[in-house]
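Since every read-out is calculated from the coordinates, none of them should be taken as a lab result. The structure presented is a predicted model; accordingly, all values stated were derived computationally and were not measured. Note that each Cβ is placed from the backbone with ideal geometry, even for glycine, and that neighbours are counted across all protein chains shown.
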Amino acid sequence: MNYQQDELYDLIRFDDSVLEFIKGTALDGLYYWDLSTPQNDWVDDKMKRTLTAEGDTHVIWRNLIHPEDQRLIIESFENHCENEADPIDIVVKYNHQNGSILYFKYNGKVIRDDVGQPIGILGAHVDITKFIEREKKLSIAENQFRGAFEHSALGMALVSTDGKWLKVNKKLCNIVGYSEKELLAKTFQEITHPDDLDADLNQVQLLLDDKITGYEMEKRYFHKDGHIVWVLLNVSLVRDTDRNPVHFVSQILDITHRKKTEDELRQVTDRLTLAVRGSKIGIWEYDIVNDNLVGDDAQLRLYGYSKGRFSVSLEEWLSSIHPEDVDQCRRDARLAINGEKEFNTEFRVVWPDKSIHYLRALSLVQNDEQGNPSRMVGTSWDMTEEKKSEELQRMMAANDSKRKEMEQFAYITSHDLREPLVTIQRYLDGFIEDYGQNIDADGRHYIEASIRASNHMQELIVGLLDYSRLSKEKELKLIDSNEVLTSVIEDLNALIMTTDAEIVYNDLPTLKAYPLELKLLFQNLIQNGIKFRKQDIKPRIQIQAEQISNGWQFSFTDNGIGIREKDYEKVFTLFRRLHNKSKYEGSGIGLAYAKKIVEIHHGKIWLKSSPNNGSTFYFSILTDNL
Amino acid sequence: MKKKLNSILLVDDDEDCNFFHKRLINRMDITEEIHVALDGEEALDYLKSSIDGKHPQPAIIFLDINMPKIDGWEFLDEYEKLEDIQKAQVVLVMLTTSLNPDDLERAKSNPLVYDYLNKYLDADRIQKIIEKHFSNHL
């Protein structure tokens with residue numbers, strides 16, 4: 001034994017203050033129970049102060065032990081007395097006089113007499129109330145955490161730093177479809193979608209490296225049955241007091257439904273974008289407050305740019321507009337911004353390549369909280385094609401009305417011209433009748449020449465009138481061209497007889513045509529065939545027809561004087577005459593008239609001829625599909 | 001010897017035409033009297049007028065279509081409203097230089113109009129009218 005220990009023990013034995021110091025600093029109370037007078041026990045002053053309010057001395061201290069622990073302490077004493085190797089080492093609750101409970105760690109030792117009989121119990125108390133209470137609180141906190149963890153609406157897990165699930169809650173099990181036991185046998189890596197794993201592991205590393213305090217990400221897990229589950233994952237790391245990582249705490253929200261909705265929305269948006277792209281509708285937005293007009297790519301293209309960004313001020317926008325339309329656009333924009341009129345306007349833009357395009361723009365004006373206009377959202381699209389077709393229609397209508405005007409003009413002119421002409425003719429006739437005998441041959445010649453000229457003029461006017469009336473609305477009828485021809489021959493009987501002409505034809509078709517016009521066409525061609533006959537032989541006209549696609553092709557072949565090739569086109573021109581009037585009379589309208597008749601039957605007229613070898617006039621009547 | 005018509009009314013604003021027609025009718029020597037009205041209004045006044053309670057009642061009216069004031073068509077509307085003793089005895093003939101078939105149709109469909117002729121008249125045409133309607137005359 002060490003001499004210092006001997007010395008300390010002696011000091012303890014003989015100097016009370018040493019024992020008091022040890023007792024006062026190391027222990028919260030000494031207890032002694034003299035078994036020879038078991039109704040008495042003793043505690044030191046410190047213990048008294050701890051257990052009572054006023055340091056009451058008339059107390060049987062062991063009665064202050066909490067009833068729950070009375071048995072425990074007796075048993076412990078008895079065990080220890082029988083076998084000293086079994087120590088008295090228990091936690092005992094005491095009732096404080098004020099009713100509160102104090103916890104003491106109680107170590108006891110039996111004191112024996114010379115013969116080994118137990119004569120007393122010595123007990124040493126350490127007040128552990130504070131520790132017990134802290135532990136209780138911790139336990140409450142833990143229970144609370146456990147409850148929150150287990151019953152959370154979120155999936156929750158404690159995950160080891162290498163990814164093993166340490167603790168998982170029911171919700172998480174539901175989300176991924178595994179039982180708790182199954183899940184605890186896996187790592188989070190195993191059920192994470194491979195495309196999301198790297199991103200997750202990168203964050204884990206940052207967290208372990210203490211570079212971030214936590215992270216949140218959307219990721220995919222594989223459900224036990226194989227389908228994908230989208231989750232919003234929130235991870236934090238628990239560290240011990242030395243900041244060594246202990247485990248992760250993960251919160252997991254199932255966002256599959258939201259993702260699905262988002263997907264659907266995206267699909268709708270994609271379709272809309274596609275639709276808008278297909279329709280070439282530009283979308284634009286004008287920030288009224290900051291005077292900034294932005295548009296999408298389609299909008300950009302509408303202004304003639306293939307790349308870049310559509311972002312301009314109002315004035316810059318106006319500078320791309322056709323100068324004649326700028327004022328109107330400026331006015332419409334102002335009216336729309338003031339809320340006086342919706343923006344729905346058409347204008348022309350001048351592209352960088354100087355080409356002009358028609359646009360139409362529509363928009364809504366949005367107001368801020370104060371009700372002031374803050375922005376316009378609109379669309380625009382290209383109207384150029386529509387404008388062109390409108391223009392075309394307008395031109396056609398104009399042509400049509402011009403044509404009608406011309407007809408009207410020709411009609412009125414010829415009518416009005418005819419009236420004085422008839423007067424001249426009649427007066428000339430009357431003059432010859434009344435005074436013919438009184439003037440000489442020269443005088444009569446003057447008058448007769450005047451009569452011939454006025455007769456010719458009459459012919460021209462009638463021809464012009466007929467020509468102008470040709471394009472008037474008429475009705476196609478199914479007619480037998482043999483009958484038409486017969487009727488023409490009857491009408492021309494006088495001419496045919498005097499010239500001894502021969503008209504040859506065999507079976508001609510029945511076809512759809514305008515009756516009067518077809519007759520005039522036949523008549524014109526036969527008259528020409530006879531008129532331009534050779535002097536020495538009698539005229540002969542042969543008429544044939546053959547079926548072609550959509551209709552019939554006719555030919556009128558004569559044995560007349562013929563036409564030079566260079567005049568093939570000229571003969572069809574109005575008032576164009578190839579011959580001197582004195583040799584062949586005529587108005588110069590006949591073939592122009594014939595051409596017009598053929599055209600209203602959707603056909604063509606042409607000829608083959610050579611001088612002195614006769615002519616063949618061909619024409620087609622293409623009315624099968626009308 | 002058949003007797004002459006009592007009277008022929010020419011309604012036309014064209015004096016040259018009237019002169020010529022008067023000359024023609026005079027030369028044919030078919031009527032006691034030729035009266036000329038230069039427009040429809042004048043013609044109506046003439047038809048309504050009376051001497052000793054007797055209206056003129058011409059045998060034939062030659063009516064021009066195209067006239068100022070009351071034209072041929074308007075004249076027909078008014079003429080229809082006249083009492084029978086004021087109307088022509090038999091015939092009303094419309095005259096025109098018009099070659100418009102629409103005018104022809106319109107004239108044909110009017111029961112008051114006996115014939116529709118292009119100006120100028122000639123002896124043959126007048127003769128035909130007389131033969132048909134006034135067979136007891138010349």
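List of remarks:
- Segment A:288-336: trypsin sites (Lys or Arg not before Pro) in DSSP loop, at most 14 other beta carbons within 10 Å: A:Lys307, A:Arg309
- Those lysines that a straight Cα-Cα span of less than 22 Å connects to A:Lys531, excepting residues fewer than 8 apart in one chain: A:Lys519, A:Lys566, A:Lys570, A:Lys581, A:Lys583, A:Lys595, A:Lys596, A:Lys608
- Flagged links, alpha-carbon separation over 27 Å, of A:Lys164/A:Lys211; A:Lys354/A:Lys404; A:Lys477/B:Lys119: A:Lys354/A:Lys404; A:Lys477/B:Lys119
- Once Rg and the Kirkwood radius are both taken over the C-alpha atoms of segment A:418-474, their ratio Rg/Rh works out to 1.20.
- Helix A:3-14 axis, angle to chain A major axis (alpha carbon atoms, nearest 10°): 70
- Loop-located trypsin sites (Lys or Arg not before Pro) in segment B:1-91, at most 13 other Cβ atoms within 10 Å (DSSP): B:Lys2, B:Lys69
- Mean separation of Cα contacts under 8 Å (6+ apart) over length of segment A:484-553, as relative contact order %: 42
- For B:Val113, net neighbour charge (Lys/Arg +1, Asp/Glu -1) across residues whose Cβ lies under 12 Å away: -2
- Helix axis angle, A:67-82 relative to chain A longest principal axis, alpha carbon, degrees: 50
- 12 Å beta-carbon shell around A:Arg375, net charge (K/R +1, D/E -1): -4
- Reachable lysines, given that their alpha-carbon falls under 24 Å from the alpha-carbon of A:Lys136 and they are not under 8 places away in the same chain: A:Lys93, A:Lys105, A:Lys167
- Over chain A, Cα pairs under 8 Å with separation of 6+ residues give a relative contact order of 5 percent.
- Loop-located trypsin sites (Lys or Arg not before Pro) in segment A:431-509, at most 15 other Cβ atoms within 10 Å (DSSP): A:Lys472, A:Lys474
- Residue-wise HN-Hα coupling along segment A:538-549, computed from phi with Karplus coefficients 6.51, -1.76, 1.60 (Hz; x: Gly, Pro): 7, x, 9, 10, 10, 10, 9, 9, 9, 7, 10, 4
- By the count of neighbouring beta-carbon atoms within 10 Å, fewest first, A:Tyr593, A:Tyr9, A:Tyr427 end up ordered A:Tyr9, A:Tyr427, A:Tyr593.
- When each of B:Phe75, A:Phe347, A:Phe222 is scored by the number of other beta-carbon atoms lying within 10 Å, the sequence from fewest to most is A:Phe222, A:Phe347, B:Phe75.
- Here, P(r) means the percent of Cα pairs in each 10 Å bin from 0 to the largest distance; for segment A:110-267 it is 9, 30, 26, 12, 7, 6, 5, 3, 1, 0.
- For the residues B:Asp13, B:Asp29, B:Asp64, a GNM of chain B with alpha-carbon springs under 10 Å puts the largest fluctuation on B:Asp29.
- Selection from A:Ala397, A:Asn234, A:Ile101, by position along the positive dipole direction of the protein assembly as shown (Cβ): A:Ala397
- Simple rule: put +1 on each Lys or Arg Cβ and -1 on each Asp or Glu Cβ in segment A:389-466, find the dipole, and look at A:His456, A:Leu417, A:Gly443; the Cα lying farthest toward the positive end is A:Leu417.
- Equivalent-ellipsoid semi-axes of chain B, from the Cα gyration tensor, Å, largest first: 21, 19, 15
- In chain A, the inverse of the mean reciprocal separation of distinct Cα atoms equals 39.9 Å; this is its Kirkwood hydrodynamic radius.
- C-alpha long axis of helix A:384-435 to longest principal axis of chain A, angle in °: 10
- Residue-count net charge about A:Phe131 - beta-carbon cut-off 13 Å; Lys, Arg +1, Asp, Glu -1: +1
- Placing unit charges on the Cβ atoms only, positive for Lys and Arg and negative for Asp and Glu, gives chain A a dipole magnitude near 4320 debye about its Cα centre.
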